[in-house]
Amino acid sequence: MIDSARIFIKSGKGGDGHVSFRRELFVAAGGPDGGDGGRGGDVIFEVDKGLNTLNDFRHVRKYIAQSGEDGKKRRSHGADGQDLIVKVPEGTIIRDDASGKIIADMSGKNMREVILKGGRGGAGNMHFATPTMQVPKFAKPGQPAMELWVRLELKVIADVGLVGYPNVGKSTILSMVTNAKPKIANYHFTTLDPYVGIVDLEGTNGFALADIPGLIEGASEGIGLGFQFLKHIQRTKVLIHVVDAASTEGRDPVEDIRTIQNELASYDPELLKKPAVIAANKVDVIQTEDGDEDPIERLKNTFEPEGLKVFPVSAASNQGLKELLYHVWQILSTMDPEPTVYEKEYVPEYDLGSNLPYTVEKTDEHLFTVEGPRIEKMLGYTNLDSEKGFTFFQRFLKETGILKELEDLGIEDGDTVKMYGQHFDYYHE
């Protein structure tokens, strides 16, 4: 499965305004009748639920919207450029390739988003006639196109993720409890793609379960195949650690879980904060000699005091799976059902138009006003009601130098900053 791609996108240029004059008796130079240019096409990303990989982007790397037509004589408006619709799977994150910042997360309710806006068409010379300038021989050019290299990253949307070493039985569990049909064989790295299936539990509305390809020690550093798939775990709400309790390959199940925990923490410490349980698999082939500690009891004694409940299961014989899944469903029922959606960190239109002006003024003893096209554009793209959106807003104020300008004007803690009808209290960090 292709789950990342780097592509070039470009919106359409606005058409130029036209300069022409109609032929009419007693009207200077015929009178201006140059029409306006058409609007350039937008680049729009749209979720297609029939897609589940980024394979389509392996061979096509450039996506360019149509430019607007130039204006014509007789006040004729140039045709608008056609928008370019780019179809992506649900769960695709669009990042600015240079900075790595998130432009959009095509998940949840965000099924369609304009990423690059086309340029506005230029005004024809018919708009510029005045009593003192009856023969305007100029028109406005269309706005230029916007272009950007972006990186697409697909993160599987699933409620629950199966994690663990290769060949511990994750794929078998998925095939037994869902309609997914992963390839299963008795060798390492069987699963090369994340598979997702729907668990249908009687008396519940079910949940989506993902088999994440096997991880090994060093996966978070790019060793083996695990690194490229760790990102798929980030969207899951609950993790199921699948471990070979029978040690059929000679590994210690306790050490296996510790290793996977370390890899998750190295990749993203937030992953260890997710609710998790342990599926101690292959209990049907456990062999112990007199005096040996029962591996299930050892797992329980080690991890249940840490809040990780252990379920002895056998994927091959379907033993214990129902109890495991109902417990996971109970955890999910206490959580927000909406998928994890990442906040916008980067707005191409704002950044590529960073030369837009703004002003910072002291308008009263304890009131400061910040306004201008650049501020208006930023506020239009930022959700100030969310924590991440407000963090983006604060970073914007710092990176643009607005905070320094306010401090130079003498702003003090408790003073008010006004921006287009919104008021904020200032406090120095």
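The values are calculated or read from the model by the stated rules, or taken from the named source; none is laboratory data. Since we're looking at a predicted model, the values are computed, not measured. In this analysis, Cβ positions are derived from the backbone assuming ideal geometry, glycine residues included, and neighbour counts consider all displayed protein chains. For accessibility, only protein heavy atoms count, side chains too; no ligands or nucleic acids. Shrake-Rupley method; radii C 1.70, N 1.55, O 1.52, S 1.80 Å.
Mind listing whichever residues of region 49-64 are part of a loop (DSSP other than H, G, I, E, B) and either free of Cβ contacts under 8 Å to residues at least 24 places away in the same chain or of a type in the set (A, V, I, L, M, F, W, C) (or both)? If you could, list the steps in order and put the result at the bottom.
Initial filter on region 49-64 (part of a loop (DSSP other than H, G, I, E, B)): 49-54, 58-61.
Scanning region 49-64 gives Gly50, Leu51, Leu54, His59, Val60.
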Q: Test Val156 against the criterion of being touching a Gly at 6+ places or on another chain (Cβ under 8 Å), open to solvent by less than 50 Å² (accessible area, probe 1.4 Å) and either of a type in the set (Val, Ile, Thr) or modelled with pLDDT under 90 (or both), and give yes or no.
A: yes
Q: Answer yes or no: is there a residue in region 64-75 that is surrounded by 14 or more Cβ atoms within 10 Å (Cβ to Cβ), on the phi > 0 side of the Ramachandran plot, over 20 Å from the mean Cα position of the chain (by Cα) and of a type outside the set (S, T, N, Q).
A: yes
Q) Do we have any residue at all in region 279-289 that's touching a residue at least 24 places away in the same chain (Cβ under 8 Å), surrounded by 15 or more Cβ atoms within 10 Å (Cβ to Cβ) and assigned to a loop (DSSP other than H, G, I, E, B)? A) yes
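Yes or no, residue by residue, for (1) among the aromatic types (Phe, Trp, Tyr); (2) at pLDDT 90 or above; (3) surrounded by 15 or more Cβ atoms within 10 Å (Cβ to Cβ):
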residue	(1), (2), (3)
Leu325	no, yes, yes
Asp336	no, no, no
Pro339	no, no, yes
Ser354	no, no, no
Tyr358	yes, no, yes
Arg374	no, no, yes
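Among the residues of region 155-179, write down those that are hydrophobic (A, V, I, L, M, F, W, C) and assigned to a loop (DSSP other than H, G, I, E, B). Outline the logic, then answer.
To start, the set of residues in region 155-179 that are hydrophobic (A, V, I, L, M, F, W, C) comprises 156-158, 160, 162-163, 168, 173-174, 176-177.
Hits for region 155-179 are Val156, Ile157, Ala158, Val168.
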Q) Is it the case that region 242-255 has a residue that's at pLDDT below 85 and not in a loop (DSSP other than H, G, I, E, B)? A) no
Q.
Tell me yes or no: at least one residue of region 94-113 is crowded, with 21+ Cβ neighbours inside 10 Å, in contact with a helix residue (DSSP H, G or I) (Cβ under 8 Å, 6 or more places away or on another chain) and modelled with pLDDT of 90 or more.
A. yes
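Based on this model, can you work out whether Leu272 counts as open to solvent by 80 Å² or more (accessible area, probe 1.4 Å), aliphatic (A, V, I, L, M) and part of a helix (DSSP H, G or I)? Lay out the reasoning, then the answer.
Numbers: open to solvent by 80 Å² or more (accessible area, probe 1.4 Å): yes; aliphatic (A, V, I, L, M): yes; part of a helix (DSSP H, G or I): yes.
It is true that Leu272 is open to solvent by 80 Å² or more (accessible area, probe 1.4 Å), aliphatic (A, V, I, L, M) and part of a helix (DSSP H, G or I).
So, restricting to strands (runs of 3 or more DSSP E) that lie completely within region 301-375, which ones have at least 2 residues that are over 23 Å from the mean Cα position of the chain (by Cα) and within 30 Å of Gly414 (Cα to Cα)? Please lay out each step first, then the result.
Details: elements: 309-312, 359-364, 367-371.
Strands (runs of 3 or more DSSP E) meeting the threshold: 359-364, 367-371.
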Q) Within region 295-309, can you find the residues that are surrounded by 17 or more Cβ atoms within 10 Å (Cβ to Cβ) and under 14 Å from Leu239 (Cβ atoms)? A) Phe303, Leu308
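crowded, with 22+ Cβ neighbours inside 10 Å, modelled with pLDDT under 85 and in contact with a Lys or Arg (Cβ under 9 Å, 6 or more places away or on another chain): is that true of Asp3 in this structure? Steps first, please.
On the way: crowded, with 22+ Cβ neighbours inside 10 Å: yes; modelled with pLDDT under 85: yes; in contact with a Lys or Arg (Cβ under 9 Å, 6 or more places away or on another chain): yes.
In short, yes.
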Q | Enumeration of residues in region 379-419 that are assigned to a loop (DSSP other than H, G, I, E, B) and either loosely packed, with under 13 Cβ neighbours inside 10 Å or at pLDDT below 80 (or both) | A | Tyr381, Thr382, Asn383, Leu384, Asp385, Ser386, Gly401, Leu409, Gly410, Glu412, Asp413, Gly414
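Here is a list: Met146, Met133. Which entry is open to solvent by less than 40 Å² (accessible area, probe 1.4 Å) and either at pLDDT below 85 or under 23 Å from Gln82 (Cα atoms) (or both)? Give the derivation first.
On the way: Met133 fails: open to solvent by less than 40 Å² (accessible area, probe 1.4 Å).
Exactly one residue qualifies, and that residue is Met146.
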